[in-house]
Amino acid sequence: IGDEESGYNKNLFCIPKHYEEDLERVFIPHGLILEERLAKDIMQDMGNHHIVALCVLKGGYKFFAGLLDHIKALNQNGDRSVPIIVDFIRIKSYS
């Protein structure tokens, strides 16, 4: 996601009440992962380079797992396979 990306207005999504005040915008909606579009874009952009996938715990795990599932499926069913290194980090603050 480029720095100039403005994302989607949070009012377009069902946001849990306990996150409403903390969230300004949605950059990647869940449906984009389900369509495999993001995974395909990543595979295309990476070319023959390996992928280092870094998950920010705890809030990003579900997103991360879904995206990795699609990348792995493309690796198994595609005409080429790209090595993936997976790691996890925890940060003190999201602001």
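The values are calculated or read from the model by the stated rules, or taken from the named source; none is laboratory data. None of these values were measured; they are calculated from a predicted model. Counting neighbours? That spans all protein chains shown, and the Cβs are built from the backbone with ideal geometry, glycine included.
What to note about this one:
- Number of positions in the range 77-95 that are at pLDDT 90 or above and over 26 Å from Glu24 (Cα atoms): 4
- Some residue of the range 42-50 being in a helix (DSSP H, G or I) and touching a helix residue (DSSP H, G or I) at 6+ places or on another chain (Cβ under 7 Å): yes
- Members of the range 28-83 found to be touching a strand residue (DSSP E or B) at 6+ places or on another chain (Cβ under 9 Å) and more than 26 Å from Lys10 (Cβ to Cβ), listed by number: Met43, His50, Ile51, Val52, Ile71, Lys72, Asn75, Val82, Pro83
- Residue check: Leu57 meets all listed conditions (1) farther than 23 Å from Pro29 by Cβ; (2) loosely packed, with under 12 Cβ neighbours inside 10 Å but one, namely (1).
- Exactly one residue out of Phe64, Phe13 is at pLDDT 85 or above and surrounded by 12 or more Cβ atoms within 10 Å (Cβ to Cβ): that is Phe64.
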